[in-house]
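The values are calculated or read from the model by the stated rules, or taken from the named source; none is laboratory data. Computed from a predicted structure; not experimentally measured. Here the Cβ is made from the backbone with ideal geometry for all residues, glycine too, and neighbour counts use every protein chain on show.
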Amino acid sequence: MGGQYKAYDEYKDSEIEWLGDIPKHWKTIKLKYISELTPRKPIIDRSQYCSFIPMEKLKTGSITLDESRIIDNVYDSYTYFKNEDILMAKVTPCFENKNIAIAKNLVNKIGFGSSEIYVLRINNQCCNRFLYYRLQEDSFMDIATAAMTGAGGLKRVPSDVVSNYIIATPNSEEQQKIANFLDHETAKIDTLIEKQQQLIKLLKEKRQAVISHAVTKGLNPDAPMRDSGVEWLGKIPKNWKVLTVRNLIRSEMLAIQDGNHGEEHPVASEYVDKGIPFLMANNIQNGRIILDSCKHISLDRANKLRIGFANT
């Protein structure tokens, strides 16, 4: 260990490939000995309300609690959990996105949610926040992802992979200290990420504003202006003309599809090997015109379509 993290006095070989050396006083243990995976549903009053968590409302470190249901309506078909349980997505791509959080502030302290959620309920040997962070580490993610079973987008992490995963742990007091440290550090990082995202949004808005101003007002701030007569354009340089895109591109040699104007879209038999390139939406990518895959039509067909032309 280096940087801001102080090394322990002594380490030992964990004899676990993905753990490597660990502090000497830490122990290795399987998750099934410190937590219960998918606890059994209790006998409860089914007439009362509970929180309900669809998969899309479980994210990394957060749960959206804006939905509640009568327990009797969800008891048989959904996953049960309670306050302080760890909720973890088990299906791709939610698992790889680390959609995992600790349940808190549930209605009547009870929740039900998607059957694609694993619930881990810790015992007195473990701090739930410590395990919450351990389940996000790369070694667990790599092992669990590699073990996924199922087809296509329905691949899931097998329960035995979770239950038998081995972690290294200190005593409960030290787990609490580590969890407190991580709460503090990740909160600072999340704040920095949010600020950067806000900056990126502002920069994108400025970029668009610069483009918009240059193409509608020109580069000379002192140029005399006049009313364009177009509501969304406003004032434009006095010597500029107001034209439609069709007027700009009609006289050249690239046919452009711009919707149905009384004629049908060309059918397969009307495409020719050599002729006017017929530009469609899928030929425009990332601000560029891609002509390699462009179909071609005859000049006569293009004229009948009454669509625009442009010079390439």
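Residues of segment 191-217 that are of a type outside the set (Ser, Thr, Tyr) and at pLDDT below 90: Gln208, Ala209, Val210, Ile211, His213, Ala214, Val215, Lys217.
Counting only residues that are more than 22 Å from the chain's Cα centre (by Cα), closer than 26 Å to Ile22 by Cα and free of Cβ contacts under 8 Å to residues at least 12 places away in the same chain, segment 134-170 holds 1 of them.
Here are Gln125, Gln48: which of them is among the polar types (S, T, N, Q) and under 26 Å from Ala179 (Cα atoms)? Lay out the reasoning, then the answer.
Working: Gln48 fails: under 26 Å from Ala179 (Cα atoms).
Exactly one of Gln125, Gln48 is among the polar types (S, T, N, Q) and under 26 Å from Ala179 (Cα atoms), namely Gln125.
Residues of segment 39-58 that are in contact with a Lys or Arg (Cβ under 9 Å, 6 or more places away or on another chain) and either in contact (Cβ under 8 Å) with a residue 60 or more places away in the chain or part of a strand (DSSP E or B) (or both): Pro39, Tyr49, Cys50, Ser51, Phe52. Among the residues of segment 113-127, just one is touching an Asp or Glu at 6+ places or on another chain (Cβ under 6 Å) and surrounded by 18 or more Cβ atoms within 10 Å (Cβ to Cβ), namely Val119.
Conditions tested, residue by residue: (1) surrounded by 15 or more Cβ atoms within 10 Å (Cβ to Cβ); (2) over 20 Å from Glu17 (Cα atoms); (3) modelled with pLDDT of 95 or more.
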{"position": "Glu84", "(1), (2), (3)": "no, yes, yes"}
{"position": "Val107", "(1), (2), (3)": "yes, yes, yes"}
{"position": "Gly111", "(1), (2), (3)": "yes, yes, yes"}
{"position": "Glu173", "(1), (2), (3)": "no, yes, no"}
{"position": "Asp183", "(1), (2), (3)": "no, yes, no"}
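Of a type in the set (A, V, I, L, M), out of contact with any Gly (no Cβ under 9 Å at 6 or more places or on another chain) and free of Cβ contacts under 8 Å to residues at least 40 places away in the same chain: is that true of Ala179 in this structure? Break it down into steps so the answer makes sense when it comes.
Details: of a type in the set (A, V, I, L, M): yes; out of contact with any Gly (no Cβ under 9 Å at 6 or more places or on another chain): yes; free of Cβ contacts under 8 Å to residues at least 40 places away in the same chain: no.
Criteria not met by Ala179.
Within this structure, Ile16 fails the test of being out of contact with any Leu (no Cβ under 6 Å at 6 or more places or on another chain), in a strand (DSSP E or B) and within 21 Å of Val162 (Cα to Cα). Among residues of segment 51-78 being touching an Asp or Glu at 6+ places or on another chain (Cβ under 8 Å) and among the β-branched types (Val, Ile, Thr), the one that is nearest to Lys104 (Cα to Cα) is Ile53. Of the strands (runs of 3 or more DSSP E) lying entirely inside segment 65-111, those containing at least 1 residues that are in the same structural domain as Lys32 (by TED's automatic domain parsing) and closer than 22 Å to Tyr133 by Cα span 79-82, 86-89, 100-102. Among the residues of segment 22-30, is there at least one that is assigned to a loop (DSSP other than H, G, I, E, B), charged (D, E, K, R) and in contact (Cβ under 8 Å) with a residue 12 or more places away in the chain? Yes, because at least one residue in segment 22-30 is assigned to a loop (DSSP other than H, G, I, E, B), charged (D, E, K, R) and in contact (Cβ under 8 Å) with a residue 12 or more places away in the chain.
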